[in-house]
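Laboratory data are not the source of any read-out in this text; all were calculated from the coordinates shown. What you see is a predicted model, and the numbers here were worked out from it, not measured in a lab. Here Cβ is always computed from backbone atoms with ideal geometry, including for glycine, and neighbour counts include all displayed protein chains.
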Amino acid sequence: MRVAVTGASGFVGGAVCRALTGQGVETLAFGRRAEVAPGHLGGAAYRSWDLARGPLRDAPEVDAVVHCAGSVTDWGPAAGFFAVNLDGTRRALAAFPGARFVHVSTASVYDPFRPTVRATEDQAPVARYLNAYGASKAAAERAVLRARRDAIVLRPHAVYGPGDTTLLPRVLSSVRGPLLPAVGTGRQPVSLTSVANLVRACVLAATGPVASGIFNVTDAEPVVLDDALRAILAERGIRARPVYAPHRLAHPLAAAVEGAFLLARRPEPPRLTRYAIGHLAVERTLDISAARDVLGYVPAPTSFAGAADW
Ligand SMILES: NC(=O)c1ccc[n+]([C@@H]2O[C@H](COP(=O)([O-])OP(=O)(O)OC[C@H]3O[C@@H](n4cnc5c(N)ncnc54)[C@H](OP(=O)(O)O)[C@@H]3O)[C@@H](O)[C@H]2O)c1
């Protein structure tokens, strides 16, 4: 069996490559940058391909594609997100017309304006999003499902683990002396997804008997945000404690900060965005029955063990 992985130079794609090669699957890795350390890819052959620029010339024959590439941030011009997340996805579909298509989507396709409570897959995409990341990922899902019958869409939420470029760095950079400012009550349940669990789902989707469907992918059970933050801090040996600002105060403050950054044309994201707040300030939990029952997904519980080395 031969599997192509896009976004292989990134956090999730690299982990997917290592898992596939570890199982003896011939793996062809694609990323935007010119080179990637072979260890990151588990020794998979690597090719550079900028999905936003054009089609892949001489695309190899493969049995499945795990499409992890994406513009993954909550800040920046909409055109940049759509060029990679939507147009890039269309190019990935076109490059491998006969292959099973595993699309790594996101829980950001659920309605950001209200809590996500044990959401089932039929509740997204929706008509409104807070930012171009969510909107472009929703558009990509629609494009995938229009183009292919044999597509699998995976929706993880807040992926963490070794190599994490998003969640852990954001939490750690928010620590101020003995305090970790956060939003909400701290008691809100959230579904998180370890990269190991997401990789399990990707490998099942690419190589298993089920060839189509939309699946939420999270750890075995949701966790309480305060417990998760305290576990991360403890594992990293940081002597700080979370303190919580009410959502109704933090939301307008984030809108003002975003406005100021936009006016100043600052390229880097503000630390506080409505999107980031919205993701952790209220319940964000997903129902994973479909992944368990149909895909045969058996997730491990949330754990930050080893986070000191990430
Ligand atoms: N991390 C999370 O918490 C999270 C949560 C839910 C869903 N997801 C989804 O998981 C997928 C992987 O995310 P990640 O966390 O692994 O992000 P990441 O570490 O930022 O990796 C993104 C990957 O996409 C590639 N890429 C970006 N622009 C590209 C372009 N124009 N052409 C070709 N490749 C391009 C990057 O290549 P270069 O690095 O070489 O530029 C990199 O390999 C994304 O689809 C994301 O939406 C992530």
(request) Provide the packing ranking of 95-102, 199-206, i.e. peptides ordered by the mean count of other C-beta atoms within 10 Å per residue, highest first. (result) 199-206, 95-102
(request) State the Cα centre-to-centre distance between the stretch 136-166 and the stretch 54-125 in whole Å. (result) 5 Å
(request) With the cut-off at 38 Å, report for the chain the share of all Cα pairs above it, as a whole percent. (result) 10 percent
(request) For the stretch 159-310, give the magnitude of the charge dipole about the Cα centre (Cβ charges: +1 Lys/Arg, -1 Asp/Glu; no others), in debye to the nearest 20. (result) 600 debye
(message) Testing the spin-label approximation: label points 7 Å from Cα along Cα→Cβ at R47 and F113. State their distance in nm.
(response) 4.3 nm
(request) Output the peptides 157-163, 116-122 sorted from most to least packed, where packing is the average of other Cβ atoms within 10 Å over each peptide's residues. (result) 157-163, 116-122
(message) Using only DSSP helix segments of four residues or longer, with each worth -39500 (n - 2.57), what per-residue ellipticity at 222 nm results for the chain after dividing by its residue count and rounding to 500?
(response) -9500 deg cm²/dmol
(message) If I take all pairs of Cα atoms in the stretch 131-193, what percentage of them are more than 19 Å from each other?
(response) 56 percent
(request) Take each of the peptides 22-33, 216-227, average the number of other beta-carbon atoms within 10 Å over its residues, and list them starting from the highest. (result) 216-227, 22-33
